[in-house]
1. May I ask you to list pairs of residues, at least six apart or on different chains, whose Cβ atoms are under 7 Å apart, with the first in the range 41-68 being free of Cβ contacts under 8 Å to residues at least 12 places away in the same chain and surrounded by 13 or more Cβ atoms within 10 Å (Cβ to Cβ) and the second being part of a helix (DSSP H, G or I) and hydrophobic (A, V, I, L, M, F, W, C)?
2. Being under 17 Å from the mean Cα position of the chain (by Cα), in a helix (DSSP H, G or I), modelled with pLDDT of 95 or more and among the hydroxyl-bearing types (Ser, Thr, Tyr) is true for just one of Thr75, Thr59. Which residue is that?
3. Name the residues in the range 31-56 that are touching a Lys or Arg at 6+ places or on another chain (Cβ under 8 Å) and either in a helix (DSSP H, G or I) or among the hydroxyl-bearing types (Ser, Thr, Tyr) (or both), would you?
Amino acid sequence: MGSGSGSGKSGTCYCNGKKMVEDENQKAKRIVEMKVENLRRNVPGGEMLLDHDQLLVHTADYILFLKNQLHVLETILKLHRQP
């Protein structure tokens, strides 16, 4: 994008590109916030965690819990299938 021209999705012309960068940053922040809220709703106990760092650590712990649960269930299935 050259200076003196450029347009956002709204069709607004920008003189130096700075406004477009700010708009892109705001859009990226909105997308991240939407994803964080989605994560907060879908991870058990996530709605109680307001801090993003705590939410991410809790999510990682939950993923490990699910992986371990899957391993246990696969082991039970293997034992059940043995003659």
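The values are calculated or read from the model by the stated rules, or taken from the named source; none is laboratory data. Bear in mind that the values here come from a model prediction, so they are computed numbers and not experimental data. Cβ coordinates were reconstructed from backbone atoms using ideal geometry, including for glycine residues, and neighbour counts include every protein chain displayed.
1. From the range 41-68, the pairs are Leu49/Leu55.
2. So the residue among Thr75, Thr59 that is under 17 Å from the mean Cα position of the chain (by Cα), in a helix (DSSP H, G or I), modelled with pLDDT of 95 or more and among the hydroxyl-bearing types (Ser, Thr, Tyr) is Thr59.
3. Gly46, Glu47, Leu55
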